[in-house]
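Bear in mind that the values in this text are calculations on the coordinates, not laboratory data. Because the structure is predicted, anything quoted here is derived from the model rather than measured. Note that each Cβ is placed from the backbone with ideal geometry, even for glycine, and that neighbours are counted across all protein chains shown.
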Amino acid sequence: MLDTRELGRRPGTQKTVTTTEEAPADLGIDVIGVPESSGIDLELRLESVMEGVLVTGSAAVQLEGQCVRCLEDLHEDLEVDLQELYVYDDAGAPVDEDDEGVRRLEGDLLDLEPVLRDAVVLALPQNPLCRPDCPGLCAECGARLADDPGHTHGEALDPRWAALDRLKQDETDDGHLARTVKTPGTSPGDDQED
Ligand SMILES: [Zn+2]
Ligand SMILES: [Zn+2]
């Protein structure tokens, strides 16, 4: 909440506000957002106009999220521009309650949060990446390919063994079947044959 009383409802009056506010909860989308209570640096100009108060400025936030391809943690800075007209809630014109697009002052107070929320969410990347060409994860083993560009399973895995590994995995997942599986070289009998 910002107090606009100083402007005295005199059109043309303005003041600048530089402040750091704590981020509200849930400022972001699933994959990336602003951590709750992290600092939001606001640089604002409040300007009294005929109908209300015009707010312009910027907000600098910190983002935390995950790369959608390789799940690497992301820490980024984001700066968004803000511009919004808040009309006096006692302005002579009848209030059209259906008009969602109009922001209203609450007395002398101005609630910046919805405007900040819209601006930040709009500016967030829908599919954040650790880098534009992130190669993601190895489909075979889940290794992060950006850390290991030459990564391959080419000759190392004989397809027949891979099939057997999958079979073992399936049976292990079934629980009770796991004990009855006998694979070459790993049955108890083989160890006692010397
Ligand atoms: Zn990535
Ligand atoms: Zn791999």
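The residues packed around V115, meaning those with a beta-carbon under 9 Å from its beta-carbon, carry a net charge of -2 if Lys and Arg are +1 and Asp and Glu are -1. Taking other C-beta atoms within 10 angstrom as a stand-in for reagent exposure, S38, S48 fall in the order S38, S48, fewest first.
Contact order, relative form, for the range 2-123: 24 percent (alpha carbon pairs under 8 Å, 6 or more residues apart, mean separation divided by residue count). Positive-end ranking of L54, A123, L112 along the dipole of the range 2-123, with charges on Cβ about the Cα centre, is headed by L54. Between the beta carbons of R10 and E113, assuming R0 = 25 Å, the FRET efficiency works out to 0.45 to the nearest 0.05. Couplings 3J(HN,Hα) of the range 6-17, computed from phi: 3, 5, x, 6, 9, x, x, 6, 8, 8, 9, 10 Hz, in residue order, whole Hz [Karplus 6.51 cos²θ - 1.76 cosθ + 1.60, θ = phi - 60°; x for Gly and Pro].
Note on the range 1-128: semi-axes of the ellipsoid equivalent to its C-alpha gyration tensor, largest first and rounded to whole Å, are 32, 16, 11. Taking amide H as placed 1.01 Å from N in the peptide plane, R69 has its amide H under 5 Å from the amide H of C130, each at least 5 places away in sequence or on another chain. Remark: the range 2-123 carries a charge dipole of roughly 520 debye about the Cα centre, counting +1 on each Lys and Arg Cβ and -1 on each Asp and Glu Cβ.
Set the Förster distance to 30 Å, then compute FRET efficiency between E22 and R131 from the Cβ-Cβ distance, nearest 0.05. The calculated FRET efficiency here is 0.50. The phi-based Karplus calculation (6.51 cos²θ - 1.76 cosθ + 1.60; θ = phi - 60°) puts the 3J(HN,Hα) values of the range 68-82 at 6, 9, 10, 6, 4, 5, 10, 10, 9, 9, 9, 10, 10, 8, 10 Hz, whole numbers, x for Gly and Pro. Net charge in the neighbourhood of P128 (other residues with Cβ under 12 Å of its Cβ; Lys, Arg +1, Asp, Glu -1) is -3. For the pair V121 and E140, label points projected 7 Å from Cα toward Cβ lie 4.3 nm apart. Each of L145, I32, G12 was scored by the projection of its Cα onto the charge dipole of the range 1-150, and the greatest displacement toward the positive side belongs to G12; charges sit on the C-beta of Lys, Arg, Asp and Glu.
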